[in-house]
Structure formats: C-alpha cells, structure tokens
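First up is the structure itself, then whatever we jot down about it.
The values are calculated or read from the model by the stated rules, or taken from the named source; none is laboratory data. If you're wondering where the values come from, they're calculated on a predicted model, not measured in any experiment. Here the Cβ positions follow ideal geometry from the backbone for every residue, glycine too, while neighbour counts run over all protein chains shown. Surface areas here come from the heavy atoms of the whole protein model, side chains and all, with no ligands, DNA or RNA. Shrake-Rupley method; radii C 1.70, N 1.55, O 1.52, S 1.80 Å.
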Amino acid sequence: MAQSSFQEISASDFFYRNRDIAGFTNPSRAIFAAIRELVENSLDAAESLKIPPDIYIRLSTQSKDKKDEQVFKLRVEDNGCGIQPRFIPSAFGQVLYGSKYKLKQMRGTFGLGGKMAVLYGQIMTHKPATIMSSTGQAKIYAFKLMIDIQRNRPIIMDRRVLVNKEKWRGTIVEFYIEGDYLRAMPKILEYFKQTAMVNPYSNLTFVDPKGRLYKFSRVTTEMPDPPKETLPHPYGVDVELFQRLIYVTKEKNLLEFLKNHFHRIGNITAQKFLEFSKLSPTKKPKKLSHEEIVTIVQNMKKFKEFRPPDASCLSPLGQDLLEAGIMKELNPEYIVVNQRKPSTYAGHPFIIEMGMAYGGEIPRKNSFQIYRFANKIPLLYDEASDVSYKVINSINWRRYKVSPDLPIAIVVHICSTKVPYKTVGKEFISDRPEVRREVANSLREISRKIHHFMSKREHVNRERKRISVFAKYLPRIAEFSTNLAEKEKQPDIKKLIASVRKYGEEE
Amino acid sequence: MAKKSNSTDKNKEIIGSLKRLGTQIYDQLENGVFPTINMPSRSIDNINYDPNLRQYVLGEKTVTRSSRNIRHLKPFTQLAWAALFSNELTFHKKTSTLRDVYYSAQAYNMTFKNQQESNNIITDLETAIGHSREEFHIFPEERSAVFGDLTIEYTVPGYEGKTMNLSAHPDGVLIGPALTSSKFAKTSADKIIAIEKGGLFTRFIEENVHKKHNSILVLTSGQAPRQTRFFLRRLSDELKIPLFIFTDGDPWGMHIAMVIISGSANAAHLRNLNTPDAKWSGVWASDIVKYKLPSDPLDDVDIKRLHELQKDPRYQEDPLWQKEIKTFLKIKRKAELEAYARYGLTYIVDEYLPTKLK
C-alpha cells in the first residue's frame, strides 16, 4: 500500500496555490486586482474617520524591454486613518488577518486584498513590499516586508521610524508586480471612473507607466455616515459562529448571552425565544450540549418574532451623493435617483440605491449603460449574470417611453454587511428573491420619473417643432401676400407666432 | 365673324383675382388673425353633374384652408407662393408648365415634396380664384395639333398683331399657349373635326379633308389636354361652327369624345373646357356591324369600363351613348379608326365621312 502524505497548509499557502480565487487570474487581471484592492483599502481607511479620501496611485515601469508582461512598481498613497505600527506587519504580511471580520459594511470582503497583492508581487518578483504609515501622531513607521508563505507570517526585512514633522496621516504601500498594463488599461481606467462615480467626495489621482495623469476630483466634501459595527442577527447565524461566540463570551446565563451577542434581541425577545426553544434562561452558555446548540441555531431560523436587522451597520451613499456622483462622471441632461428602505435577506441587511440618467456624455448604444456597484465598489465583469441586468431586461420599457437605443445609464448600488455575490469571483449579485424585489421596486420608482421626464421632453420637442413650423411659414405667407397685394410694408406677424405657443415658456 | 377674345383683358382679370387673393391674406395678417382661404370643396361628394351646363360642377360645400392649422400651413404657404408666381407669369406674359412650377419653387426657397404636391397646389389655386391654370399661364406639355383654313392673330409678346394661317404647315400647328391665346381673325371652315390619332390626322390632311369638307382638323393625341379642350370650345363658340369627334370604336375612344363634350370630374371647378354641342361621330359599335369592320374581341377591362360608363351621368344625356354601349356589350368587339383601310386608303374620307358629318 502506497503511503500518501498529508500536510497542513497555511492560509497564505492556500491562496498562493489558489490565487485566481482572489482575482489574480492572469497578468492583466492581476495588475487590475492589485490596484483595486489597495484603492479600496485606502477608501475604507479614510471613510472610517469620515475624511474625504485623497488617493494617489502611481504605476511605473522598471524594465525597459518591450515585452507584454513587465515588472511594475505600484505605489498607493492615502490620507486614511493610518495603521498602528504594531499591526503593520500582520496587516500586510499575514493573509486573513485584518479588521474585516466584524459585521459592518466594508469594501473588501476577503480580508486579503492588500495582502494578496503583496503576496502576488512577491511570488512573481521576489522583492519586498514597503509600507509607510502614520496615524497622524509624532512618528511615521516604515517597514520592508515579505511573507513567509508556508507559515503565513510576515518577515520584517527593515523597520524605520521617522519624525512626522508635518503631521502627515495615512498609509503608503509600494511593491513590485508583474503584469500586462496595456491590456489591463481599459479596465483600470473604467474602474477609476466608476469608483469616482460612487465616491464623489474622493480625489483619485492615477499616473500610469507612460506618465499620463488621470485625475478624478471630488465635487463635494459631504460624506455618508460611516457604518457602525453590529452584532450578528439570529437569522444569519450558523453553528460555527454560535460556538465561537460561546467560546469568547463572559456571560453566565443564556438570557444575557442572547441579549449581548446578537442583534435585535432584547429582554422580552430573549425570554420568548428561550420559551420557544424550551431552554432555561439561567442555563450557562458554556454548558450547552452540541445537540442543544444545533437546535438553538435551527430555532433561530424558525422563530418569527425577531425584529429585522437595522441598517445602522450600512453606509449607503444617499440620494444626493449618488446624484452628485453620476452628474460628475456622466454629466447627463437629466438624473433621477432612488434609495429603498433597508431590507434583509437571510438575516443580512441590505439597501438598494439606484439612479437613471439620460443624455449628456452617456453614449448611445443598443443597450442601456449599466453601472453596478456593491458597497461602493464597481463590478466590472459578468454583467449579464447580475440580478439587476435580468430585472432591467425584464421590464417593458415602452411603457416608460424609453428604449435601449437611447443614451440612458442605469446605476445600481447594493450595500450590505454581506453582499450576496453569486460566485467567489465576486463580480455579480445573485438572483435572490428579496434582492430582486428591491431592485425591481427601485427601478420602477426611477422609471416612473424617467417616464415623466421623457413625456415632458417629447411634449416640449413637439411644441418646439410646432412653433418652428409657424415661425418658418408665416413670414413667407406675409412676404408673398405683401408682394401679391402690392403693399409696401410687410404685416407684423410676431404676435401671431407668439400666440401659437400653447403652454407658455417651458423647460 | 366671331366675337373677339381680348387676351389682355383676360390677363387683367386674372391679375385682379390674384391680387384680391393676396390682399385678402395681407389684410388678415395686418389685422392680427391667421389668414384663411375659402374655396369650393373638390371632394367626390361635392362633385355633381349639372344637366343644364352639361358638365360636372362643384356643389355648395366649401373648405377653409387655415394657416392656424399646422397641417394646412405648408400648403397654405405654397398656395400663396403659387399665386405670386402665377401673378408674375401673367403680368410678364410668360408661360410655364407644371414641371416648371415644381422647379421654380426652389428659386423662391419653397419646396414641394414631389410633382404631385405642386400639381395639387396649382389645382387649389384654380379652385380658389375660379380660373384654369392655362389662364394664369401654366400650361401642360403640348402634344396636340391643328390644321385648316383659320387665320389667327397672335397676342403673345413679340408677336402682337402677327397673323398666320393654320394651313401653312402640312404637319399641323402645335396647340400651345401662343395659339390658344391668339385671336381668330378669319376662316372659311364650317366645321371642326377632332381626331384621336396622329396617323389619321396626317391622312386627312393628305386627302384634303379640310378642303373637301370645309373643316378645321384637330389632333387630340388620345385624351385631349385641357388646353386643347379649351381651344376646341373657343373654336366652336367663337366661329359658331359644329365639332365632330372621331375616335376608335371602343370604350376608351368613346370616353375621349365624352370628355371633350361634357368635361371631366377633375375639372369640375372650371368652366369652358367642354364643348356640350359637339358630336361623337364614330367609330360607333353599330359601325363595326354596319361596315363589317375588322375587329378584335373586347378584353375584360373593356367590358368592365363599359359597365362603368353605362352608369355615368354624362352618358344619360343622349340615347346614342346607351345604344352604342349596349351594342358593344352585345357584339363584344372593338375596332380602330384605321380599320376602314380594308376598303382602300381613301374610303374613310370619301365614303364614311360624308355620312357622318351631318
């Protein structure tokens, strides 16, 4: 019998072997994924302090050969909250370490965006990453890091402390990455444009390897309230999470345990639930048997009296900012936006925000221009699989005087503590009935308004056309009749033309 | 001698009508109202046959073209332009054709979608002022001719007072604006013979029909153009001589004669385009039988046409029509004028004509 060897692999080793899960599929995709992960970390870092983000991204080429795949230096600099020095090595040198396992709306969802980028850079170029960060205090900390992939540990190559004379706050990440910029470029630029659309309070500056500058400037300093951390809602809890909570809890009885570790469970609800589950309120959580835990988790899904999760853990853009963002990037003739009330799926709260824009810089194509966002990050791939695409294409647009060949853009933004992505690639939203319903309702609301606009526009156009017909022919009639009647002076027809205007000045 | 037609008086009258139309529009504009024009309706339900006038006339119904109505606005403007254009033509004694009108409009930065649209506007103008377009100098293409002992005196610019005898040219003289506007000075003819076909017209000239039968020969070239019908009416009226019409012996030939006699529904808004006392002299259906003419069977369309004509009010006037239609339907044959050639080239002139010109 042959001996098979089993070995435990570390988290970083796992992702090293399965890097396409995190979007690092090929050289062009990798360069795009690295930029977006770092930009999103930077946006989160600034937003957590409610500071309008200033992010500077520079991609510069190192090798001079003209091969498709080159080594680039990527530098991303932000004005975010900064990272305390003791966390820096782990934050960038240890996969699955991070601040993203508490429940609140955040951009990245793997908790490995930045690390994955550093990891990818390391395995392709074997060069350390440089991290500089300050929380705005007296010192700036600079690290040179690599990752010990097998052990999932940061290796600190160099550590320096600088005096922070100018009270700089933020983080600078710089590392080397192999990639194919020319092929990635369209996606990268589209990514910045769309990111700017849903983050209208941000300044994004990108310098590409050819030295070209792309600047996306903020149009407002208003920002949405940052999301609050929240406890897990009972509907969304599984056995593993429940056991972890029991492991960490300091509560001595079930009643207090339920009240203090779960969202939307107060004294009365906790009592009712324990009655429903036939458990004593005074029972010690750590004494629960495995079977009891499974029963409780099952009952949590059956019990009907939990109030739905509240949305304070969400940070939607809001109608004003969404409108400002669309206006800034598309400069349309008309915009309508809508924000739905919070809703939930499987215990996870979510909010749908939508916008529709007509004209301006929106191109005329054979289909609507759809912009999809989840937690303020653009989704650029697999549009046709997204629930919003299906909803948009199931509507009878003629009822709204709209057709896909018009220059119309539709913006869909879903925010949630757990965005219901369909696949690990996290590029499209799955077709869940709750989400579908909210998207459909939101779309109907904006469609009604766009219908109103289109009708009015049609009306104004018709009216303008009508008046122009009179303005064209009446003077000719005056001219011909004056000649025919052998008069000297043409009759004044201005009043007649003015009287044609049925509804007065419009627009 | 016949009463004189003074073409200059006519011009003054036309110019007066056009100026009145222009003044009417001008005054309405000056008074701050959208100008309107009233005219008799030319819709089918307003076209009636008048047994006294022996032609179609327009009834009481009128239509109003209003410049307030956006759908009327363009045609209204075109009508005003057409009036101005016609006024200039008439004033300068220049002539134009319908095709010309279509293109001339572009010089005034007016556009017509197509020839039909401009033709319709000219018909509107005829209706609005009650004169035919020939009177305001818009003529059709010329294709009919006249030959015989008639001396005319031109009135067109450059030819005023010049005379010509219409037997001067053996091919006949084209019936154009100069001829229709001329005065009739002198004739020895005592009848007019209208012929449908060019071949026979030439034969008649060669055979001296004009001398043998003291006649003026007119070639209609199929359905007579309005100008030719107007000319025939003038000849008949002013010279006070009868008109005989010779056509092929089939429903179509018969109708060519009928339009000369009783006019067409399309021209119901106009007068003097028909010659009510003219006579259809052949080829009759009964001639086919009587002269044993070589003939062809009637087609389905011929028979259908005969049934239509049978009900046409114009064909109720003279029992001759109904009788001949019945004969056609009975023998189911048709014959051309040339069919008389079976009896020799001169038979039609020497034998047939004398019996018919009574």
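Per-structure values
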quantity	calculated
Global size of the stretch A:454-500 as Cα Rg and Dmax, reported in angstrom	14.1, 48
10 Å Cβ neighbours from other chains, averaged over peptide A:76-85	0
Centre separation in Å (Cα based) which lies between the stretch A:268-313 and the stretch A:424-485	55
Average projection area in nm² (convex hull over Cα atoms of the stretch B:155-204, one quarter of hull surface)	4.2
For chain B, built as a Gaussian network whose Cα springs stay under 10 Å, the top-fluctuating residue of B:ILE195, B:ILE303, B:ILE261	B:ILE303
Candidate lysines - alpha carbon under 22 Å from A:LYS283, same-chain residues fewer than 8 apart omitted	A:LYS250, A:LYS252, A:LYS259, A:LYS272, A:LYS301, A:LYS302
Helix A:181-198 vs. chain A, principal-axis angle (Cα, 0 to 90°, nearest 10)	80
Flagged links, alpha-carbon separation over 30 Å, of B:LYS12/B:LYS212; A:LYS115/A:LYS418; B:LYS311/B:LYS334; A:LYS215/A:LYS465; A:LYS73/A:LYS165	B:LYS12/B:LYS212; A:LYS215/A:LYS465
DSSP loop GluC sites (Glu not before Pro) with at most 15 other Cβ within 10 Å: longest gap in chain B	B:161-358
Inter-centroid distance (Cα atoms) of the stretch B:92-138 relative to the stretch B:282-301, Å	41
Whole-angstrom Cα spans of the stretch B:251-306 along principal axes, big to small	40, 25, 11
Computed [θ] at 222 nm, deg cm²/dmol, chain A (DSSP H ≥ 4; -39,500 (n - 2.57); rounded to nearest 500)	-12000 deg cm²/dmol
Fraction of the pair-distance distribution of chain A above 34 Å, Cα-Cα pairs, percent	50
Solvent-accessible area of A:SER277 with every protein chain in place, 1.4 Å probe, in Å² to the nearest 10	20
Kirkwood hydrodynamic radius of the protein assembly as shown, from inverse mean 1/r over distinct Cα pairs, in Å	36.7
Chain B, helix-only ellipticity at 222 nm - DSSP H runs n ≥ 4, -39,500 (n - 2.57), divided by all residues, nearest 500	-13000 deg cm²/dmol
Per residue value of the accessible surface for the protein assembly as shown (all protein chains in place, 1.4 Å probe), Å²	47
About the Cα centre, charge dipole magnitude for chain A (Lys/Arg +1, Asp/Glu -1 at Cβ), debye	580
The stretch B:32-135: trypsin sites (Lys or Arg not before Pro) in DSSP loop, at most 10 other beta carbons within 10 Å	B:LYS113
Where only C-alpha atoms are counted, convex hull volume of the stretch B:194-238 per residue in Å³	56
Geometric extent, Cα atoms of the stretch A:234-302 - Rg, Dmax (angstrom)	10.5, 27
Fraction of antiparallel bridges per DSSP, the protein assembly as shown only, in percent to nearest 5	75
Descending Cα extents along the principal axes, the stretch B:171-285, whole Å	36, 36, 22
Volume per residue of the C-alpha convex hull in the stretch B:1-110, rounded to whole Å³	171
In the stretch B:156-215, the chymotrypsin sites (Phe, Trp or Tyr not before Pro) that fall in loop regions by DSSP, at most 16 other Cβ within 10 Å	B:TYR159
Rg and Dmax of the stretch A:11-216, Cα atoms only, in Å	16.0, 47
Rg/Rh for the stretch A:319-442, where both radii come from Cα atoms and Rh is the Kirkwood radius	0.95
Largest-first ellipsoid semi-axes for the stretch B:145-356, taking √(5λ) over the Cα gyration tensor eigenvalues, angstrom	30, 21, 13
Listed residue (B:GLN55, B:TYR108, B:PHE85) projecting farthest to the positive dipole end of the stretch B:35-136, Cβ model	B:TYR108
Folded to 0 to 90 degrees: helix B:251-262 orientation relative to chain B principal axis, Cα	60
Sparse-neighbourhood loop sites, chymotrypsin sites (Phe, Trp or Tyr not before Pro) in the stretch A:108-204 - DSSP loop, at most 13 other Cβ within 10 angstrom	none
Folded to 0 to 90 degrees: helix A:433-484 orientation relative to chain A principal axis, Cα	20
D_trans [Stokes-Einstein, Kirkwood Rh over alpha-carbon pairs] for chain B, 37 °C, 0.692 mPa s, µm² s⁻¹	149
Interchain or long-range residues, amide H under 5 Å from B:ALA185's placed H	B:THR151, B:ILE152, B:GLU153
Subset of A:LYS127/A:LYS167; B:LYS240/B:LYS326; A:LYS304/A:LYS426; B:LYS211/B:LYS358; B:LYS93/B:LYS162; B:LYS93/B:LYS240 violating a 21 Å alpha-carbon distance limit	A:LYS127/A:LYS167; B:LYS240/B:LYS326; A:LYS304/A:LYS426; B:LYS93/B:LYS240
Aspartates and glutamates with Cα under 18 Å of A:LYS495, excluding same-chain neighbours fewer than 8 positions away	A:GLU463, A:GLU479, A:GLU505, B:ASP27, B:GLU30
